[in-house]
1. Once you have the alpha carbon radius of gyration of the chain, what is it after dividing by 2.2 N^0.38 Å, with N set to its residue count?
2. Based on DSSP H runs of at least 4 residues, each adding -39500 (n - 2.57), what is the mean residue ellipticity at 222 nm of the chain after dividing by all its residues, to the nearest 500 deg cm²/dmol?
3. Go through 301-313, 28-40 and give me the packing order, highest mean Cβ count within 10 Å leading.
4. Restricting the calculation to Cα positions, tell me the Rg (one decimal) and the Dmax (whole number) of segment 20-100 in Å.
5. Note down the nm distance, to one decimal, between modelled labels 7 Å out along Cα→Cβ at LEU253 and at ALA147.
6. Past the 17 angstrom mark, what percentage of all C-alpha to C-alpha distances in segment 125-268 do you count?
7. Residue by residue through segment 94-100, what is 3J(HN,Hα) from phi via Karplus (6.51 cos²θ - 1.76 cosθ + 1.60, θ = phi - 60°)? Round to whole Hz and write x for glycine and proline.
8. If you wrap a convex hull around the alpha carbons of segment 3-197, what volume per residue comes out, as a whole number of Å³?
Amino acid sequence: MALIALVGASETLPDGGLRALVAIAGETLIERQAARLADAGVTHVAVAVGAVPAELLATCDRIRRRGLKITPVRTAGDLMALVQPDDRIILVADGLRAGGTHYAAIARPGAPAILVTGDTMLTQGFERIDATRRWGGLACISDTMVADLASMPGEWDMMLTLLRLAVQSGARRLYCEPALFEQGEIAIVADRPTAALIEQSSLQQVEYGGMGLGRSAIMMPLVRLAGPLLVRSPRTARYLPYVTALLWVAVALLAAGGLAAAGALVAILGGLGLAAMRFLAAFRAESAAQNRVRGVIRTFGWLLLGAYPWLVSLGGPDRLMPRFAEAALAPCLAATILLARWLYEDSGKTRRFHWLLPDTDEAWILLAPALILGIAPLMFAILPLLALFQILLWLRLARRPEPR
C-alpha cells in the first residue's frame with residue numbers, strides 16, 4: 001500500500017501564469033507541496049494539468065532530482081494507471097500553501113479524510129463542503145474513488161470530483177481553525193500580490209527557534225536582517241550546507257595548524273551559517289534534509305568545542321598536552337551545553353526564556369577574543385561556571401507560573 005498525491009496545477013493567475021509556479025521566498029508552490037508530501041511519506045506525485053508549459057516541466061525535473069517521482073496527468077484514466085489496489089491518494093488543492101503538520105495529519109493511516117475549516121471571508125478561495133464548512137485544501141481518498149471517477153462518462157474536474165466523492169462517502173473531517181488562514185499558515189495563492197503578502201508575513205513570523213543566548217541574541221537577529229535576500233535565491237539553500245560544513249572543517253584545520261584564534265573566528269562564521277540554515281528551513285523545499293544535515297554539523301561543532309584545546313596543542317611547536325584548565329574544562333563546557341539542550345528539549349510546552357541558556361555560539365564568541373589576547377585558560381575556566389549559572393537562572397524563571 002503506497003501513498004500517492006494528486007496535486008492541482010491547472011489554475012491560472014490573472015496574468016496568465018500558473019498558480020502552482022508562483023514563487024514565495026524563492027520557492028514555487030508546487031516544489032513546496034512536493035517537499036511536504038515527501039516528508040509525509042508520499043512516493044509518487046501526480047500533477048493534474050491542462051497544459052504542460054516548459055516552466056512546469058523544468059520545475060518537475062527539479063523535483064525529480066530530489067528523489068521524488070512526479071508525473072503529469074490529464075484524466076482520471078491517467079491517474080488510474082498510477083494507482084494500485086489499497087493505495088491511498090492525497091489531494092492537494094491548486095495553489096495551496098500549508099504547513100508540514102497539516103500534510104502529516106491528513107497522511108495518517110486510516111479511513112478517507114478531508115481537512116475542513118469554517119466558512120469565513122478568509123476562506124472564500126476554498127471549495128465549499130456544506131452550508132458552514134469549506135475544504136481546507138487537503139484530503140486523503142481511496143483507490144476505489146479514483147476507479148469510480150475513471151468509470152464515469154464525460155469529462156470531469158478530477159480534483160473537485162474526487163473531493164465530492166469523498167464527501168458523499170462520509171469521509172471523516174479534520175477541522176482546522178480559520179485563524180490559521182488569518183495568520184497565513186494556510187492559504188490559496190490566487191494572485192501575485194497575495195504571494196507577496198504571504199512571503200512578507202512568513203519572514204516576520206518565523207521564530208528564532210531553539211535555545212541559546214548566542215544564537216537568539218546575536219546570530220538569528222543578524223540572519224533575519226539578511227532574510228529577504230537569503231530566501232529569494234534558490235542557490236543559497238543548495239550551497240549553504242556545504243559552505244557551513246567547510247567552515248567547521250576549517251576550524252579544526254586552523255586549530256591543528258597553530259592558528260587557534262583564527263579558528264575560533266571561523267567558528268563564529270560557522271555558527272552564523274547554522275543559524276542561516278535554521279532560518280531557511282522554514283521556507284525551503286529541502287528543509288527536512290537540511291534539518292538532518294544541520295544536526296550533524298551542529299554535533300561536529302559541539303565536539304570540536306570540547307576537543308579544541310587538544311587540537312591547539314597539536315598545532316603547537318612542542319605538541320605538548322594542553323594545560324589542565326583547558327584540557328579538562330573544555331569538555332566540561334561542552335557537557336554543560338549538552339545538559340542545557342537536554343533540559344530544553346525535555347521542557348516540552350514550558351519552553352520559556354530559552355534565550356538565557358548557554359550554547360556553542362556564545363562560547364565561540366567569548367573564546368575568540370580570549371585566544372587573541374592570550375587568556376584562553378582563564379576563559380575556559382569561566383565559561384563552564386557561566387553556563388551553569390545560566391542554566392540555574394533559566395530553571396528558576398522557566399518554572400515560575402505564567403501570569404494569568
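No lab work stands behind these numbers, since they all come straight from the coordinates. For clarity, every value in this text was computed on a predicted model and none was experimentally measured. All Cβ positions, glycine included, derive from the backbone under ideal geometry; neighbour counts span all protein chains shown.
1. Values: Rg = 25.5 Å, N = 404, 2.2 N^0.38 = 21.5 Å.
Relative to the 2.2 N^0.38 Å estimate, the chain comes out at 1.18.
2. -17000 deg cm²/dmol
3. Ranking the peptides 301-313, 28-40 by packing returns 28-40, 301-313.
4. 12.4, 38
5. 6.0 nm
6. Summing the P(r) of segment 125-268 above 17 Å gives 76 percent of all pairs.
7. Result, rounded to whole Hz: 4, x, 6, 10, 9, x, x.
8. Taking only Cα atoms, segment 3-197 has a hull volume of 118 Å³ per residue.
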